[in-house]
Amino acid sequence: METLPGRAPRLSIIVPAYNNPPDLAECLAALRAQAPADAELMVVDDASTDETPAVAVAGGARLLRLKENSGPGAARNHGAARATGEVLLFVDADVVVARGAVELVLRAFAGDPALAALFGSYDDDPRASSLVSRYRNLLHHFIHQEGNTQAATFWAGLGAVRRALFLAVGGFDAARFPRPSIEDIELGYRLRRAGHRIRLDRTIQGTHLKRWGLWSMLRTDVTCRALPWSRLIIETRHAPEDLNLRASQRVSCLLSGVAVAAAMGAPWWRPLLGVCALALLGVAAINRRFYALLWRRGGARLAGLGFALHVLYFLYSAATFAFVLLESRVRGARDGGGRASGKGRA
C-alpha cells in the first residue's frame, strides 16, 4: 500500500542478533528511546547459544528465533515476513542509532511516496579504541559520507525499505549469502533493476560498536566483501560509480599496485624508488580528506597507520577482483570448450 505524502508510515524495526548480548542491549535501548508508540521492535535471534534472547526480551523487543544459525539475511527475512509495518528499518545489533535517526527515517518516507529504500552511515566516533578498529569504522563512515545521495545499492546496517517492495523483489538472498556478506548490496542491485529509487541520507547515523583486529578485518574484507562483490559485478556487468567503486578508488588501486611493483624492482633499478614515492603521493593526494579525518580523530598515529592499511586495502581489493576476473574467464573458456566439444560429437 502506497504511503500518502505527509503521513508517517508505520515502522517495523528488525534487529538480527547472534551471540552479542552487551551490544544488543545498547542497540535496543537507543531504539526504544526514540521509536514511535505504534512502531514494533523485533529481534530475530539467529540461534544464539548465550543469553542474547533474554537480553532481547528485557530490552522490550518482540523475540523471534531461528532454529539454526542461518546468517543475518535469513534473520532479516524472517522478521520481515512477520512484520506488520509499512516500512522495515534494519539495524545491526552492534549499532547504536543516533538521537533523531528514527524520526529522520519516518520523515523521509512520509515526504517521498516514491522512495523505495533509504540508508545512512556510521558516525565518526567509533566506540572501539584500537587503531585498527578506528581506521576500519572511520573508513566505512567516510565512504558513505562521500557517497551519492541517489544511491546505487543498499546497506542494512542502518537502512530502511518499504515492506511491500522488499517482499516483491524477494528480500535478501539468504541461500546465496548464508553468512554476513554483501546480501544488502545485492538486494540494492535488484531494487534498482526493478526501477526503484534508493537514497543515502548522510544525517542518519549510528555508532558502530564492532571491534576489529588486523586478521579479522583482512578476512572479512576479502572473503565476505571483495570476493562476492567482485563476482556480483562480473555476473551483472554493473559496477556503479559510487561508494567503494568510485573512480578515485579505482585509480588508488592502480597507484597502490604501481607503488608495490616499483618497490619490488627498485633493488635492480634505483629510479623505481622515485616511481614508488610518486605513486604513494598520488594515493595520499586522492584520499587526503580521509587521512585528514583520521588525523582529526586520532592524530599522527592513526593517520600513519591508516594510510598503510588503506594502501593494503587497495592492494587486496584489486588482487581479489583480478582473481575473480581470471576465474570467470577460465570458467567461460571451459564451459565454451565443453559446448563446442559436445556439438562436434553430435
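The values are calculated or read from the model by the stated rules, or taken from the named source; none is laboratory data. Just so we're clear, the structure is a prediction, and the values are computed from it rather than from any experiment. Glycine also receives a Cβ, built like all others from the backbone with ideal geometry; neighbour counts cover every protein chain displayed.
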Taking region 57-80 and keeping residues in contact (Cβ under 8 Å) with a residue 24 or more places away in the chain and either closer than 16 Å to residue 39 by Cα or touching a His at 6+ places or on another chain (Cβ under 7 Å) (or both) leaves 59, 60, 61, 79, 80
Residue hits (region 148-164; at pLDDT 95 or above, more than 18 Å from residue 78 (Cβ to Cβ) and aliphatic (A, V, I, L, M)) are 158
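If I filter region 205-261 down to residues being of a type in the set (Gly, Ala, Ser) and in contact (Cβ under 8 Å) with a residue 60 or more places away in the chain, which single residue comes out as surrounded by the fewest Cβ atoms within 10 Å (Cβ to Cβ)? Steps first, answer last, please.
Going residue by residue through region 205-261, those that are of a type in the set (Gly, Ala, Ser) are 206, 213, 216, 226, 230, 239, 247-248, 252, 256-257, 259, 261.
Filter once more, so that each one left must be in contact (Cβ under 8 Å) with a residue 60 or more places away in the chain: 206, 213, 226, 230, 252, 256-257.
Working: 206: 22, 213: 12, 226: 22, 230: 22, 252: 24, 256: 23, 257: 17.
By that ranking, first place goes to 213.
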Original post:
Has region 281-290 got any residue that is more than 23 Å from residue 224 (Cα to Cα), exposed (fewer than 13 other Cβ atoms within 10 Å of the Cβ) and of a type in the set (A, V, I, L, M, F, W, C)?
Top reply: yes
Only one of 309, 305, 294 is surrounded by 15 or more Cβ atoms within 10 Å (Cβ to Cβ), under 23 Å from residue 200 (Cβ atoms), at pLDDT 95 or above and not assigned by TED's automatic domain parsing to the domain that holds residue 155, namely 294
Is there a residue in region 259-267 that is outside any helix (DSSP H, G or I) and on the phi < 0 side of the Ramachandran plot?
yes
Okay, helices (runs of 4 or more DSSP H) sitting entirely in region 146-223 with 3 or more residues that are not assigned by TED's automatic domain parsing to the domain that holds residue 93, I get 214-219
